[in-house]
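A short write-up of the structure that comes next.
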Amino acid sequence: MKIKLTLSSIAIISFVAILVFVAAVVALIDSRVTNKLEGVLWTVPAKVYSRTLDLAEGSRINRDNLLKELDMLSYSEKKEPSRPGEFLYRNNKLRIFLRGYEEQKSGLFDVFLDESSVSRITNQLGLPEDVVRLEPIAIGGVYPAHMEDRVLLNWPQVPEILIDTILAVEDQDFFNHNGISVRSISRAFFANIKAAEIAQGGSTITQQLAKNLFFSSEQTIKRKAMEAVAALLIEFHYSKEEILLAYINDVFIAQSGKRAVHGFGMGAQHFFGTSIMNLETDEVALLVGMLKGPSLYNPRRNPKNAKQRRDLVLNVLKRERIINQEMLEIYRDRPLKVVSPSFRSETKYPAFHDLVRLELRENFADSDLRTKGLSIQTNIDPVFQESLESSIIKTKEELIKKYGERLKDLEGAAIAVDITSGEIKAVVGSTAPSKYGFNRSINAIRPIGSLVKPFIYLTALNQYVDYNLTTILDDSELELISGGMIWKPNNFDKKFHGQVPLHKALWQSYNIASARLGIDLGYDSVQSIFTKLGIEKQIPRFPSLFIGSFEMSPYEAVQAYQTIAADGFYTPLRSIREIRDPKGNIKLTYPYNIEQRIRPEPVELLKFAMKQTFIRGTARGYSKQKIESWQAGGKTGTSDDQRDSWFIGFAGETLVLVWLGFDDNRPTPLTGRTGALEVWKNFIEIVDPPPIQKNSLPRINMVWTDLKDGKLSGEKCKNSILVPFVVGTEPTTIPAVRNKCSSNKKKNESNIMDKLKKVFEEGQD
Amino acid sequence: MILVRFTIVAVLIATLISCASNQNKDFVSSKEISVNEFSSSVGKLITNLNFLEDEILKINAKNPSVQRIVAGSDKYIKEGKLVQANSELERALRISKQESAVYLRLSLLRFNQGLVEESKSFASRGLLIRDVSSWERLLLNVFLKFQL
């Protein structure tokens with residue numbers, strides 16, 4: 001059969017082919033438009049925040065730290081705070097205009113501070129206020145591959161001034177056109193012919209939204225045509241309100257490193273550190289002005305251009321009668337007030353993010369974290385974190401000055417936790433803490449040296465009928481066969497100290513006395529205490545265990561010490577507080593769990609010995625008053641050949657562990673005292689923990705004993721020390737030489753009081 | 001002279017004693033609870049969980065700011081919103097760790113969540129706080145008596 005190709009049939013076929021082609025293109029564009037508008041646009045990365053800070057009457061706070069936090073939150077000091085984000089600190093009074101966060105409304109408050117706590121809070125009317133809350137600091141996010149970061153806004157969150165400004169500047173005809181404005185196109189067309197190049201865009205808001213869907217900014221006729229089709233399709237599928245909201249959430253605002261900041265919600269956070277609802281007209285004008293050239297008008301990089309552009313936008317607002325002349329002048333006179341980006345980087349605190357990711361992985365799929373817009377509130381205390389980072393950096397510099405360039409590769413890790421709640425407040429995984437890389441706080445498994453000793457001594461003190469703080473230990477020469485080899489431990493000072501009370505053997509960190517104690521106690525009872533302290537691995541059954549061959553990561557070690565610092569109450573450490581969905585509903589909380597693993601009395605005895613580390617042991621140097629007010633205690637640790645330098649110490653409500661050493665495990669010139677303790681001291685000096693109250697333990701008696709023989713003594717006797725005992729385990733014999741200086745009278749009186757106390761106060765069973 | 005001094009001192013002492021004894025009498029008469037009534041209250045604490053909850057929610061925190069947060073938590077406890085109640089109690093704890101009112105509620109909350117052992121641990125932790133009143137001590141001890 002012959003097909004006759006007439007002109008008309010060719011025309012029909014060509015027309016059909018073109019129609020099919022056009023239909024295919026339109027269908028393709030349509031699927032892209034709907035995909036983006038209903039999919040990718042609404043994928044929001046999870047945001048990670050620091051802890052919020054509640055200020056309440058009686059809350060313990062360090063004034064300097066509070067001011068540092070305000071600085072991190074980009075609050076600026078003003079003589080008369082009158083706008084959100086301003087404060088004045090004078091004469092122990094903080095006048096602050098809060099930005100507002102969740103249920104905390106924005107407003108002016110006076111916070112009165114005394115030495116270590118908040119004494120009173122009043123609102124603008126001078127009426128007392130119980131609690132005010134500072135917003136958290138955004139410390140990062142979990143970004144999808146395209147690295148688009150946004151905060152989705154819903155209509156109630158979009159301020160009217162933003163809508164007015166967008167429409168005035170970008171598309172005055174928005175509610176009248178069908179996606180394409182012929183008026184705008186013809187205006188741009190003539191302007192471009194005049195300039196003999198494409199100099200002006202005639203895009204409507206719908207077209208701009210369509211343009212973003214094609215991920216390219218080149219201005220060709222083909223692309224413009226596709227944009228126009230897409231714009232018409234968007235208008236066909238969606239209402240004007242939906243289109244405007246999508247535009248508000250999708251528009252590209254700025255590039256921050258690898259992260260692309262999209263939408264006005266994130267733009268307000270990125271440049272002003274607050275919600276879009278808190279922005280004033282000049283700030284909104286700046287953000288809207290930036291759309292024309294996000295890089296050219298970036299207020300951080302090109303403040304001059306940005307200000308000119310903002311003022312131009314403000315003029316448009318005046319012209320459109322959105323603001324009056326008086327307001328125009330006020331706004332134009334204002335400088336750009338963008339916040340410092342330094343505390344808003346997504347690469348801040350990498351070691352902490354590692355912990356957050358580890359905890360998240362147990363409950364969330366990676367895709368949920370990258371797309372569901374979850375808000376992750378963590379326990380990180382930004383001031384503690386900054387202080388811990390600066391302490392490890394500063395100490396390394398000091399050590400290099402002292403010991404020379406051989407320490408230039410020195411590495412380290414440190415963790416600070418809240419003792420009672422187990423909240424992780426700061427983590428450092430390297431001596432270059434801001435760099436991503438090997439996180440030693442969780443991944444460096446190292447011999448803990450004498451940090452093991454408190455575990456051994458606690459095993460003894462937990463058997464309080466047989467052991468107390470003045471039980472005499474033998475620190476004379478020891479030699480035994482272990483693993484077919486002769487094992488002969490030595491003390492750090494290479495001396496033997498003979499008969500010593502148990503507490504002294506700990507704060508002087510005598511190796512041989514400790515080894516003998518461990519051997520006497522037996523591996524099983526030591527293992528049982530290790531398990532109670534949350535150490536999951538089995539102990540090696542070699543006597544070198546008792547003086548520090550045991551290996552742990554800093555994270556594991558600080559978990560074990562949390563139970564000690566918290567009086568025997570084990571609490572799993574946690575970096576996350578709670579996770580909310582974009583609507584603010586709680587998705588998951590990481591609650592405070594505790595389990596009493598050891599009675600408080602033996603732990604109290606151990607903590608007394610650890611306090612002596614500060615008073616007269618390897619960490620001496622603080623005033624007695626300071627040590628008492630903090631209820632401080634600690635332990636230094638040095639492994640064989642000084643390959644590892646450790647220090648663990650609690651002060652106030654904070655427990656801090658520090659490790660220093662080389663990654664390749666070569667010896668350092670450092671001990672626990674000369675290395676890790678220095679980091680601890682530098683950190684504690686900055687954060688200066690507020691004092692805490694001592695526990696009430698009715699079953700503990702304080703008795704004067706002798707530092708050398710551990711027997712009864714008196715306050716007036718030489719070398720005496722007041723030592724706690726579990727009631728009924730006190731020493732009873734007073735050597736004749738101390739009969740004179742020790743007074744029984746006082747002791748008897750206190751016993752009667754104790755007995756009376758016991759009758760009236762029922763303690764724990 | 002000595003006699004005068006003696007008389008003045010004697011009169012003063014007599015006045016003081018009478019005042020003191022009067023006060024004592026008033027105090028006892030207004031607050032007196034019979035032994036039977038007291039022991040039945042204690043019995044009810046262990047057998048009637050609603051009574052125990054009511055008594056715990058009557059305990060106020062010493063710090064007014066903490067009390068405000070605790071009151072918010074109480075509202076959640078009554079509504080059965082235990083997760084929110086817990087968040088508020090942890091918030092209170094961050095302000096002060098010396099409030100038995102908070103530990104009592106944490107014990108109650110964990111008990112209501114079926115976490116009996118943890119409720120005991122919170123009670124034991126509360127007992128370490130200084131200045132816990134005898135009644136608070138008793139309430140905390142109630143949790144230590146519960147068996148799984």
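Annotations
- Residue, nearest to A:V737 (Cα to Cα), within region A:667-685, restricted to residues that are touching a helix residue (DSSP H, G or I) at 6+ places or on another chain (Cβ under 7 Å) and surrounded by fewer than 19 Cβ atoms within 10 Å (Cβ to Cβ): A:P669
- Here the condition is being over 26 Å from A:G58 (Cβ atoms), free of Cβ contacts under 8 Å to residues at least 60 places away in the same chain and out of contact with any Ser or Thr (no Cβ under 7 Å at 6 or more places or on another chain); of B:L115, B:L108, it holds for B:L115 alone.
- Filtered residues of region A:447-474 (kept if part of a loop (DSSP other than H, G, I, E, B), of a type outside the set (D, E) and either under 18 Å from A:K537 (Cβ atoms) or in contact with a helix residue (DSSP H, G or I) (Cβ under 8 Å, 6 or more places away or on another chain) (or both)): A:I448, A:Q463, A:Y464, A:Y467, A:N468, A:L469, A:T470, A:T471
- Filter pass, A:E578 being over 28 Å from the mean Cα position of the chain (by Cα) and within 14 Å of chain B (Cβ to nearest Cβ): no
- The number of residues in region A:430-443 that are in a loop (DSSP other than H, G, I, E, B), buried (at least 23 other Cβ atoms within 10 Å of the Cβ) and of a type outside the set (S, T, N, Q) comes to 1.
- The number of residues in region B:113-137 that are at positive phi and surrounded by 15 or more Cβ atoms within 10 Å (Cβ to Cβ) comes to 0.
- Checked against the criterion of being surrounded by fewer than 20 Cβ atoms within 10 Å (Cβ to Cβ), of a type in the set (S, T, Y) and not assigned by TED's automatic domain parsing to the domain that holds A:W155, the candidates A:S575, A:S549 yield just one match: A:S549.
- Qualifying position, being of a type in the set (S, T, N, Q), at the interface with another protein chain (Cβ under 9 Å from one of its Cβ atoms) and part of a helix (DSSP H, G or I), among B:S124, B:S119, B:S107: B:S124
- Residue within region A:622-633 that is part of a strand (DSSP E or B), buried (at least 24 other Cβ atoms within 10 Å of the Cβ), in contact with a strand residue (DSSP E or B) (Cβ under 8 Å, 6 or more places away or on another chain) and assigned by TED's automatic domain parsing to the domain that holds A:I564 present: yes
- Every test in (1) modelled with pLDDT under 95; (2) within 14 Å of another protein chain (Cβ to nearest Cβ); (3) out of contact with any helix residue (DSSP H, G or I) (no Cβ under 7 Å at 6 or more places or on another chain) is passed by A:Q562 save one, and that test is (1).
- Residue match in region A:547-559 (condition: over 15 Å from A:K453 (Cα atoms), within 14 Å of another protein chain (Cβ to nearest Cβ) and out of contact with any Ser or Thr (no Cβ under 8 Å at 6 or more places or on another chain)): no
- The condition of being among the aliphatic types (A, V, I, L, M), modelled with pLDDT under 95 and part of a loop (DSSP other than H, G, I, E, B) holds for only one of B:V142, B:V83, B:V132, B:V42, that being B:V132.
- Filtered residues of region A:19-52 (kept if more than 14 Å from chain B (Cβ to nearest Cβ) and of a type in the set (D, E, K, R)): A:D30, A:R32, A:K36, A:E38, A:K47
- Beta carbons closer than 7 Å, at least 6 apart along the sequence or on distinct chains, never pair a first residue in region A:348-369 that is surrounded by fewer than 18 Cβ atoms within 10 Å (Cβ to Cβ) with a second that is assigned to a loop (DSSP other than H, G, I, E, B) and modelled with pLDDT under 90.
- Extreme residue, farthest from the other protein chains (Cβ to nearest Cβ), among residues of region A:600-619 that are over 30 Å from the mean Cα position of the chain (by Cα) and not in a helix (DSSP H, G or I): A:T618
- Residue pairs meeting the criteria (Cβ under 9 Å; at least 6 apart or on separate chains; first closer than 16 Å to B:L52 by Cα, in region B:68-80; second basic (K, R) and in a helix (DSSP H, G or I)): B:D74/B:R105; B:I77/B:R105
- Looking only at residues in region A:1-50 that are in a loop (DSSP other than H, G, I, E, B) and buried (at least 16 other Cβ atoms within 10 Å of the Cβ), the one that is modelled with the lowest pLDDT is A:T43.
- The set of residues in region A:381-421 that are in a loop (DSSP other than H, G, I, E, B) and touching an Asp or Glu at 6+ places or on another chain (Cβ under 9 Å) comprises A:D381, A:D409, A:I419, A:T420, A:S421.
- For first residues located in region A:481-505 and over 27 Å from A:I721 (Cα atoms), partners that are loosely packed, with under 12 Cβ neighbours inside 10 Å and of a type in the set (D, E, K, R) and lie 6+ apart or on another chain with Cβ distances below 8 Å form the pairs A:I486/A:E479; A:W487/A:E479; A:K488/A:E477; A:K488/A:E479.
- Each residue in region A:128-164 was checked for being surrounded by fewer than 18 Cβ atoms within 10 Å (Cβ to Cβ) and in a strand (DSSP E or B), and 1 of them qualify.
- Test: residue in region A:53-65 that is touching a strand residue (DSSP E or B) at 6+ places or on another chain (Cβ under 6 Å) and either away from chain B (no Cβ under 14 Å) or assigned to a helix (DSSP H, G or I) (or both): yes
- Scanning region A:521-544 for residues that are in a helix (DSSP H, G or I) and farther than 22 Å from A:P602 by Cβ turns up A:P543, A:S544.
- Selection status of A:I456, among the β-branched types (V, I, T) and out of contact with any Pro (no Cβ under 9 Å at 6 or more places or on another chain): yes
- Which listed residue is in contact with a helix residue (DSSP H, G or I) (Cβ under 6 Å, 6 or more places away or on another chain), closer than 29 Å to A:T378 by Cα and of a type outside the set (S, T, N, Q), from A:F264, A:F271: A:F264
- Evaluating A:E628 against the criteria (1) touching a residue at least 12 places away in the same chain (Cβ under 8 Å); (2) at negative phi leaves one unmet condition, (1).
- Filtered residues of region A:696-732 (kept if under 12 Å from A:L605 (Cα atoms) and touching a Ser or Thr at 6+ places or on another chain (Cβ under 6 Å)): A:V723
- Subset of region B:87-104 [within 7 Å of chain A (Cβ to nearest Cβ) and in contact with a helix residue (DSSP H, G or I) (Cβ under 6 Å, 6 or more places away or on another chain)]: B:R91, B:L93, B:I95, B:S96
- Residues in region A:104-125 that are touching a residue at least 12 places away in the same chain (Cβ under 8 Å) and not polar (S, T, N, Q): A:G107, A:L108, A:F109, A:D110, A:V111, A:F112, A:L113, A:D114, A:V118, A:R120, A:I121.
The values are calculated or read from the model by the stated rules, or taken from the named source; none is laboratory data. Given the structure is predicted, the values throughout are model-derived calculations rather than measurements. Every residue, glycine as well, gets a Cβ built from its backbone with ideal geometry; the counts of neighbours run over all protein chains shown.
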